[in-house]
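*Asks:* Here it is: the structure, laid out below.
The values are calculated or read from the model by the stated rules, or taken from the named source; none is laboratory data. Owing to the predicted nature of the structure, the values given are computational and were not obtained by experimental measurement. FYI the Cβ positions are ideal-geometry reconstructions off the backbone, even for glycines, and counts take in every protein chain you see.
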Amino acid sequence: MDKKFDAFKQELNRVYKKNKNYHKKMQEQNITPEDIHNWSDIKRLPLTTKEDILANYPNGWNCVNENHIKLYHASSGTTGKPLIVGLTENDIKTRQKQILEDAKMAGITKKDTVQICYGFGMFTGGLSFYDGLKELGCKIIPTGTMSTEMQLFYMQQLKTTVLITSPSHAMHLYETAKDLKINMKALSIRIIRVGSELLTESMRRKIKAAYGKNVSVTQDYGMTETLGPGLGMECMNENGMHLNPNYYFELIDSKTKKPTTKNVGELVVTTIYNECFPLIRYTTNDLVELSHEKCKCGCSSPRIVKFLGRSDDMLKVKGVKIFVSQIEDFLFNHPYFNHQYEIVISKENYKDILTINIEYKDEITPSQRKQIVKYKENIEQEFKSKFGIKSTINILSTKSIKPYPGKIIRVRDLRKLKV
Ligand SMILES: [Zn+2]
């Protein structure tokens with residue numbers, strides 16, 4: 001008997017009964033829950049897209065009566081309306097379990113003092129970590145999105161051992177600490193668990209160089225639709241994110257949307273234990289490479305070893321798809337820059353213009369000016385031959401780019417603004 005499959009069947013029955021949209025989709029394919037006998041039958045079920053979910057906004061996807069919903073959280077809504085997800089009492093428990101797993105995978109124990117630098121609002125990060133870590137029994141410092149100076153103050157006073165934040169915020173803390181003559185390597189931090197943005201390998205190296213080479217820098221992956229962090233969890237071996245075994249994952253060809261046997265494809269996720277907001281074969285739009293190689297940690301779950309494109313990471317410039325993480329890798333592979341950069345896309349005479357502002361690692365002295373002009377020309381050329389798009393790369397003095405409060409915004413797309 002496969003307990004996980006039984007739980008999935010129960011969920012599918014519920015979706016079929018209560019979710020009108022998905023019911024209709026199944027009817028169109030002439031399929032009922034009775035036709036699904038095992039995991040391989042699952043591919044006969046229709047896919048779910050974000051558009052399906054948003055069709056009956058805001059509550060159309062819920063599979064429980066409204067009075068069973070105890071909590072709401074929502075996506076940031078940077079690309080449109082925020083996606084709102086309701087949680088029942090059981091969903092809150094499931095989320096707690098998910099964070100516990102995530103924290104254990106990161107190596108966090110009850111002896112740790114964990115500082116959560118995520119927002120405690122509708123965003124799933126802050127509250128879910130708070131809830132899950134409470135179960136673990138460690139000390140929690142819920143600094144949320146308070147000022148960098150205050151974050152550093154608590155980090156020193158309370159001897160933070162674990163930081164939970166985004167990669168760019170970890171680096172921003174380091175830069176501010178440098179100004180305040182605080183040596184991050186002398187603090188008590190042993191683990192930095194990042195999420196919310198993609199951690200590139202070059203960024204991991206930068207964070208380790210800033211906080212100390214023995215500090216574990218790992219990431220997790222999640223989305224509002226699947227109760228927040230913990231859909232993918234990297235262990236202390238720093239070799240990719242283990243897929244959470246409490247979900248069912250498939251890879252599909254991103255163009256044909258058909259199942260693929262390759263290790264590369266678009267990740268499709270099916271929830272098993274979600275009550276209010278179950279998802280059957282949800283297309284994440286995230287293009288990943290999976291590894292089935294056994295990990296030293298003993299967890300046999302496959303790992304996302306590479307994001308070849310994450311939906312929230314993709315830009316379309318002059319008709320060409322390009323990923324922020326690719327640009328970041330490109331920039332960070334040059335020794336002249338620090339971690340601060342921004343990508344600006346504008347439109348002139350109906351043409352897209354790509355501008356990248358990046359900070360030089362030190363103050364630019366008048367005598368360096370000439371050298372910088374040369375770097376700029378070389379790098380612009382290199383960019384063009386690598387990505388096939390022309391760009392203007394402005395090399396600025398350190399601290400020229402203003403950090404944004406809260407989640408750091410790397411991309412400013414001015415094409416969407418009405419003039
Ligand atoms: Zn592992």
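*Asks:* Look at Leu231 and say whether it is of a type in the set (A, V, I, L, M), outside the structural domain of Thr94 (by TED's automatic domain parsing), within 16 Å of the chain's Cα centre (by Cα) and surrounded by 23 or more Cβ atoms within 10 Å (Cβ to Cβ). Walk me through it before giving the result.
*Replies:* Details: of a type in the set (A, V, I, L, M): yes; outside the structural domain of Thr94 (by TED's automatic domain parsing): no; within 16 Å of the chain's Cα centre (by Cα): yes; surrounded by 23 or more Cβ atoms within 10 Å (Cβ to Cβ): yes.
No; evaluated as a whole, the condition is false for this residue.
*Asks:* Would you check which residues across the stretch 270-311 are without any contact (Cβ under 8 Å) to a residue 60 or more places away in the chain and of a type in the set (Asp, Glu) and list them?
*Replies:* Scanning the stretch 270-311 gives Asp286, Glu289, Glu293.
*Asks:* Follow-up question, since we're still on this one. Can you find, within the stretch 293-320, the residue that is farthest from Glu234 (Cα to Cα) among those that are away from the ligand (no atom under 16 Å from the Cβ) and basic (Lys, Arg)? Please lay out each step first, then the result.
*Replies:* Pass one, the stretch 293-320, residues away from the ligand (no atom under 16 Å from the Cβ): 307-320.
Checking which are basic (Lys, Arg) leaves us with 310, 316, 318.
Values: Arg310: 17, Lys316: 29, Lys318: 35 Å.
Step by step, filter the stretch 293-320, then rank; the result is Lys318.
*Asks:* For the subset of the stretch 280-304 comprising residues that are at pLDDT below 95 and of a type in the set (A, V, I, L, M), which member is nearest to Glu266 (Cα to Cα)?
*Replies:* So, considering only residues that are at pLDDT below 95 and of a type in the set (A, V, I, L, M), the one nearest to Glu266 (Cα to Cα) is Leu287.
*Asks:* Please work out if Ser202 is in contact (Cβ under 8 Å) with a residue 12 or more places away in the chain, touching an Asp or Glu at 6+ places or on another chain (Cβ under 6 Å) and small (Gly, Ala, Ser).
*Replies:* Considered against the rule, which asks whether it is in contact (Cβ under 8 Å) with a residue 12 or more places away in the chain, touching an Asp or Glu at 6+ places or on another chain (Cβ under 6 Å) and small (Gly, Ala, Ser), Ser202 comes out as yes.
*Asks:* Based on this model, can you work out whether Glu225 counts as under 18 Å from Pro302 (Cα atoms), among the charged types (D, E, K, R) and surrounded by 21 or more Cβ atoms within 10 Å (Cβ to Cβ)?
*Replies:* Working: under 18 Å from Pro302 (Cα atoms): no; among the charged types (D, E, K, R): yes; surrounded by 21 or more Cβ atoms within 10 Å (Cβ to Cβ): yes.
In short, no.
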